[in-house]
Amino acid sequence: MVKMKMLIAQLVVLLLALSLVQSCLAMDVEEGLWEMTTRMEMPGMPMQMPAITFTDCLTEDDVIPQDSQCEVTDLVKDGNTIRYTMHCNQDGQQMTAKGEFTYSGKKMSGKVVTQMSEQMSMTTVYNGHWIGPCK
């Protein structure tokens, strides 16, 4: 049950972080197909979750979606770095995530710290690079 909640939380954070990546294209970010790898760190976990690698097409027209389960607040762009707070209600479970991503042309890195309860939090570390034009 806890493993499923962690996976759901990681996927929610991952999808919304991708949306935030897409809103940053006025910064030094190359438009096109990006490959990103995430690694989750969770204190007290007996084993580490495997890294997840995915691709996404980033264009200047993409914006943060208005998801009924999550609300992005405190969105700040500072040079090539974006910081935000996100509040989610996933099947009655409240989560708060704080993210920070830094871009440098064709590379990016960042992390999202998600607090699911007083006792449960996780950090998702992101690394990505531009692959080429969108297909």
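Throughout, read-outs are computed from the coordinates displayed, never taken from laboratory work. Just so we're clear, the structure is a prediction, and the values are computed from it rather than from any experiment. Please note: Cβ atoms are built from the backbone with ideal geometry, for glycine as well, and neighbour counts cover all protein chains shown.
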- Message: List the GluC sites (Glu not before Pro) within the range 66-135 that DSSP assigns to loop and that have no more than 11 neighbouring Cβ atoms inside 10 Å.
- Response: E118
- Message: If R₀ is 35 angstrom, what is the calculated FRET efficiency for the pair Q69 and D28, using the beta carbon separation as r and rounding to 0.05?
- Response: 0.65
- Give me the number: length gained by fully extending N89 to E118, i.e. 0.36 nm times residue separation minus the C-alpha to C-alpha distance, one decimal in nm. 8.9 nm
- Query: All other residues with a Cβ under 12 Å from the Cβ of T102 taken together, and with Lys, Arg as +1 and Asp, Glu as -1, what is their net charge?
  - Reply: +1
